[in-house]
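*Asks:* Quick one: the structure is below, and I'll ask about it shortly.
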Amino acid sequence: MNKPSIRDVAQKADVSTATVSHVINGTRYVAETTATRVQLAMKALGYIPNHAAKTLRSQKTSTIGIIVPDLANHFFTSVVKGIEDVLEKAGYQLLVGNTNERVDVEIQKLQAFTSQQVSGLIVATSALDVKDIQMYLPEDVPIVFIDRIPKGMDQPSVTVANEEGAYSAVSELLSTGHKHIGMITGLNQLSTTVERTSGYKRALQEAKLPYNTALVKSGDSHVQGGYNACKHLFETEQITALFVANNLMCIGAITYLKEQNIHIPREVAVIGFDDYEWANITAPPLSVVHQPVFDIGVRASEKLLAQINEQPIENRHELLATSLILRSSHNKNDESE
């Protein structure tokens, strides 16, 4: 019996051969329903793309695919450095795909990396539920999720204690006398957003203060979103403190405050989430929740290598601790002119 061809797949899926090629290589966006038909046709026919077949004959590649949502975010570049530090020493090359927080682009990257027969995948997903990407996760390729955990995920993972980190930040603001604390959150579908918002709520609850949705504004995890959210909060609410749930949004929020000559911390206290060099040289230096970003990459790489080498994985779902670094942006008593 002849091996199935790309033409056979196209005929079975009722699409063009060009569409099949785009699904296999991730070279152009294909509607999810169409891509699903192509994937099911490939599976039913037992079709293996030519370049994948060549790779199978020579066993696996020495390549690892890394999928991140935003390479402009220093958090993810720092995580990739940690991954690189471990995997390059182990003889692997890295392929990095940026999704711009779009699940459809993430699916394309998964398809492209799978077709190139990578030896493993490290994924920071933008999906809310693993079922949104499940059929594109190769069953025979080791995978580790980092930072974000979609619902229903059972692959190994490395994350940080987001809820505890947010709780510690908001509790600190409460301890210095603030009762009207605004929060700028990330994209609503992300597990990090849910967890950090939960920490904010828990701190308020313990202080016997109500949770007011008007004081919580999404900044969409980006600089401009942080700017817009901060602007909205100051135009509509009487907040005295601000907790910003990622570093890019914090840049946006601080930019707005500087433009409006709103003094930090005399007029508004600020604590951010993520600690980088710039946080210590702002005026005033920024109080932050520190994440062990480099370690996230290191631990994820170690878990991936264990799977590749068919070794047991210790601590399959690893939760790394955060720490609160107090500088001058949140407490009037600490301010310096």
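*Asks:* Would you say T63 is surrounded by fewer than 19 Cβ atoms within 10 Å (Cβ to Cβ), at pLDDT 90 or above and within 30 Å of P4 (Cα to Cα)?
*Replies:* In short, yes.
*Asks:* Is there a residue in the range 226-239 that is part of a loop (DSSP other than H, G, I, E, B), in the same structural domain as A169 (by TED's automatic domain parsing) and touching a helix residue (DSSP H, G or I) at 6+ places or on another chain (Cβ under 8 Å)?
*Replies:* Yes - at least one qualifying residue is present in the range 226-239.
*Asks:* Run K332 past the list (1) within 23 Å of T176 (Cα to Cα); (2) crowded, with 17+ Cβ neighbours inside 10 Å; (3) touching a residue at least 40 places away in the same chain (Cβ under 8 Å) and report the number of the one that doesn't hold.
*Replies:* Status for K332: all satisfied but (2).
*Asks:* A follow-up question, please. What are the residues in the range 226-246 that are surrounded by 21 or more Cβ atoms within 10 Å (Cβ to Cβ) and either among the charged types (D, E, K, R) or without any contact (Cβ under 8 Å) to a residue 40 or more places away in the chain (or both), if any?
*Replies:* Y227
*Asks:* Is at least one residue of the range 155-178 surrounded by fewer than 21 Cβ atoms within 10 Å (Cβ to Cβ), β-branched (V, I, T) and under 20 Å from S329 (Cα atoms)?
*Replies:* yes
*Asks:* Could you look through the range 72-108, keep only residues that are loosely packed, with under 14 Cβ neighbours inside 10 Å and without any contact (Cβ under 8 Å) to a residue 24 or more places away in the chain, and pick out the one that is nearest to the chain's Cα centre (by Cα)?
*Replies:* Only one residue tops the list, namely E88.
*Asks:* In the range 271-328, which residue that is without any contact (Cβ under 8 Å) to a residue 40 or more places away in the chain and part of a loop (DSSP other than H, G, I, E, B) is nearest to the chain's Cα centre (by Cα)?
*Replies:* N315
*Asks:* Restricted to the range 16-27, and to residues that are surrounded by 14 or more Cβ atoms within 10 Å (Cβ to Cβ) and within 20 Å of T99 (Cβ to Cβ), which residue is modelled with the lowest pLDDT?
*Replies:* Among those that are surrounded by 14 or more Cβ atoms within 10 Å (Cβ to Cβ) and within 20 Å of T99 (Cβ to Cβ), it is G26.
*Asks:* So which residues in the range 71-89 are modelled with pLDDT under 90 and in a loop (DSSP other than H, G, I, E, B), if there are any at all?
*Replies:* Keep residues of the range 71-89 that are modelled with pLDDT under 90, which gives 71-74.
Across the range 71-89, the qualifying residues are L71, A72, N73.
*Asks:* Among what's in the range 307-329 and is of a type outside the set (S, T, Y), over 19 Å from M153 (Cα atoms) and at pLDDT 95 or above, pick the residue that is surrounded by the most Cβ atoms within 10 Å (Cβ to Cβ).
*Replies:* Per the criteria, the residue is L324.
*Asks:* Taking Q205 as meeting all but one of (1) under 22 Å from S323 (Cβ atoms); (2) part of a helix (DSSP H, G or I), write down the number of the exception.
*Replies:* (1)
*Asks:* Run T236 past the list (1) modelled with pLDDT under 95; (2) more than 25 Å from D295 (Cα to Cα) and report the number of the one that doesn't hold.
*Replies:* Answer for T236: the failing condition is (1).
*Asks:* Let me ask another. Looking at (1) at pLDDT below 80; (2) part of a loop (DSSP other than H, G, I, E, B); (3) within 33 Å of the chain's Cα centre (by Cα), which one does V30 not meet, given that it meets all the others?
*Replies:* The failed condition is (1).
*Asks:* Name every residue in the range 8-37 that is hydrophobic (A, V, I, L, M, F, W, C) and under 17 Å from V105 (Cβ atoms), in order of residue number.
*Replies:* First pass over the range 8-37, keeping only residues hydrophobic (A, V, I, L, M, F, W, C): 9-10, 13, 15, 18, 20, 23-24, 30-31, 35.
Hits for the range 8-37 are V23, I24, V30, A31, A35.
*Asks:* If you don't mind, there's one more thing I want to ask. Quick check on the range 240-264: of everything there that is under 15 Å from R196 (Cβ atoms) and either part of a loop (DSSP other than H, G, I, E, B) or not assigned by TED's automatic domain parsing to the domain that holds G186 (or both), which residue is nearest to the chain's Cα centre (by Cα)?
*Replies:* Out of the qualifying residues, it is N246.
*Asks:* Sticking with this structure for a sec: Scanning for something modelled with pLDDT of 95 or more, among the polar types (S, T, N, Q), out of contact with any helix residue (DSSP H, G or I) (no Cβ under 8 Å at 6 or more places or on another chain) and surrounded by fewer than 24 Cβ atoms within 10 Å (Cβ to Cβ), does the range 247-265 turn up at least one residue?
*Replies:* Among the residues of the range 247-265, at least one is modelled with pLDDT of 95 or more, among the polar types (S, T, N, Q), out of contact with any helix residue (DSSP H, G or I) (no Cβ under 8 Å at 6 or more places or on another chain) and surrounded by fewer than 24 Cβ atoms within 10 Å (Cβ to Cβ), which makes the answer yes.
The values are calculated or read from the model by the stated rules, or taken from the named source; none is laboratory data. Since the model is a prediction, treat every value here as computed from it, not as a measurement. Note: ideal-geometry Cβ built from the backbone for every residue, glycine included; neighbour counts use all protein chains shown.
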